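Shown next, in structure tokens, is the structure this report addresses.
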Amino acid sequence: MYFVVKKDVQVNRKRFVYISHCRDIEFFDPVKEGMNDAAALLDVEVSFIGTDDIDVDEQKALLQKAIADGVDGIATTVTHETAFDDLIGEALDHHIPVVCFNTDASGGRGRQLSTLVQDTYAAGVRLGNFMAERMESSAKALITLHSDGIDCLESRKKGIMDGLAEKEIEWEFLTTGNGSEEARKRVTRFLEAHSDIRFVFGTGQDDTVGSGQAIMDLELGGTVTVCGFDISPVTKELIRQGHILATVDQQPYMQGFYPVLQLYHYLENGIQPSDMDAGSNIITKAKL
């Protein structure tokens, strides 16, 4: 007589980590939602960590720790053209796949297996062209960035300016800090001191929202026009109320969802991750 002894089998779930700059900004909330939905779908563990602002050395340290901890896959923002190449190569040498989401300062030339980002320069040009039809020549305008040194924001900024080059706009620039409330305060103070500004261009979610709220607080609707980037419930409401004219979406949920799928199917099925464009759809009140 034979007896079959059943043993409890502990299946090790794959562990993925997202490593980002500015980890706590509101823009990343739908990224985390997409990440968690994909993780639940595939039954993998996933965490989202990162730096407070732009800190390449700290982000590299987090990447090094993830490699040392033996995670199964990494999704990271690439915030410097070459600084992450060696560590990404080290991860690949340890059979840990690495994909990029949201920001790729390497322009697709880094060692990551794929990038899931917006073509930020083209998106900036698109917004500039959209606004060119609504702006007079030599108008005075403000471009805001929530942080200095972020390649994608600088690229959007350049795209906006190039898209409006023929208008010979007089530009001002302002760093608003992380968080829409801080942006609201700084943009309010700036507009109070520069009453000749007629247009405000945000380059990220927080500064776009903060600019719209500043227009609302100062009751400048009809005098100052705000446009910018990224979508959130607050952004949508400000568009409906007329405090923001338009914003450029880049599908943050997708930026969270698809890297998990790419890492998982690379490990399980040998499917090579491929680059994906996060898009640059211009959202106006008519599209809400």
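The values are calculated or read from the model by the stated rules, or taken from the named source; none is laboratory data. Keep in mind that this is a model prediction, so the values were computed, not measured. As a convention, Cβ positions derive from the backbone with ideal geometry for all residues, glycine included, and neighbour counts pool all protein chains shown. Surface areas here come from the heavy atoms of the whole protein model, side chains and all, with no ligands, DNA or RNA. Shrake-Rupley method; radii C 1.70, N 1.55, O 1.52, S 1.80 Å.
General observations
- Selection status of ILE169, more than 18 Å from ARG198 (Cα to Cα) and either modelled with pLDDT of 95 or more or of a type in the set (Lys, Arg) (or both): no
- Considering region 16-54, the residues that are at positive phi and at pLDDT 95 or above include one that is least open to solvent (accessible area, probe 1.4 Å), namely GLY50.
- Take the conditions (1) in contact with a Cys (Cβ under 9 Å, 6 or more places away or on another chain); (2) within 16 Å of ASP29 (Cβ to Cβ); GLN255 misses just one of them, which is (1).
- Of all residues in region 127-145, one or more are within 20 Å of GLY50 (Cβ to Cβ) and open to solvent by less than 50 Å² (accessible area, probe 1.4 Å).
- Among the residues of this structure, ASP148 counts as one that is open to solvent by 60 Å² or more (accessible area, probe 1.4 Å) and modelled with pLDDT under 95.
- Scan of region 61-77 for residues that are farther than 19 Å from LEU261 by Cα and not small (Gly, Ala, Ser), ordered by number: LEU62, LEU63, GLN64, LYS65, ILE67, ASP69
- Residue selected from region 80-98 under the condition without any contact (Cβ under 8 Å) to a residue 12 or more places away in the chain and among the acidic types (Asp, Glu), by the criterion surrounded by the most Cβ atoms within 10 Å (Cβ to Cβ): ASP86
- Of the strands (runs of 3 or more DSSP E) lying entirely inside region 99-215, the ones with 1 or more residues being touching a residue at least 40 places away in the same chain (Cβ under 8 Å) are found at 115-117, 140-145, 199-202.
- Any hit, region 224-236, residues being open to solvent by 30 Å² or more (accessible area, probe 1.4 Å), over 20 Å from the mean Cα position of the chain (by Cα), hydroxyl-bearing (Ser, Thr, Tyr) and modelled with pLDDT of 95 or more: yes
- Residue in region 239-256 that is open to solvent by 70 Å² or more (accessible area, probe 1.4 Å), among the acidic types (Asp, Glu) and at pLDDT 95 or above present: no
- Here GLN262, GLN272 are screened, and the one residue that is within 16 Å of LEU113 (Cα to Cα), in contact (Cβ under 8 Å) with a residue 40 or more places away in the chain and surrounded by 14 or more Cβ atoms within 10 Å (Cβ to Cβ) is GLN262.
- Residue list for region 39-79, filter: closer than 28 Å to GLU154 by Cβ and in contact (Cβ under 8 Å) with a residue 40 or more places away in the chain: ASP52, ASP53, ILE54, GLN59, LEU62, LEU63, ALA66, ILE74, ALA75, THR76, THR77, THR79
- Scanning region 41-67 for residues being assigned to a helix (DSSP H, G or I) and closer than 27 Å to TYR264 by Cβ gives a total of 11.
- Residues of region 106-145 satisfying the condition of being modelled with pLDDT under 95 and touching a Ser or Thr at 6+ places or on another chain (Cβ under 6 Å): GLY108
- Criterion (part of a strand (DSSP E or B), within 19 Å of the chain's Cα centre (by Cα) and among the β-branched types (Val, Ile, Thr)) met by exactly one of VAL31, VAL17: VAL17
- Meets criteria (open to solvent by 50 Å² or more (accessible area, probe 1.4 Å), of a type outside the set (Phe, Trp, Tyr) and more than 14 Å from the chain's Cα centre (by Cα)) for ALA165: yes
For every residue, the table says whether it meets (1) more than 29 Å from SER20 (Cα to Cα); (2) out of contact with any Cys (no Cβ under 7 Å at 6 or more places or on another chain).
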| site | (1), (2) |
| --- | --- |
| THR120 | no, no |
| PHE130 | yes, yes |
| SER137 | yes, yes |
| ILE143 | no, yes |
| ASP151 | no, yes |
| ARG156 | no, yes |
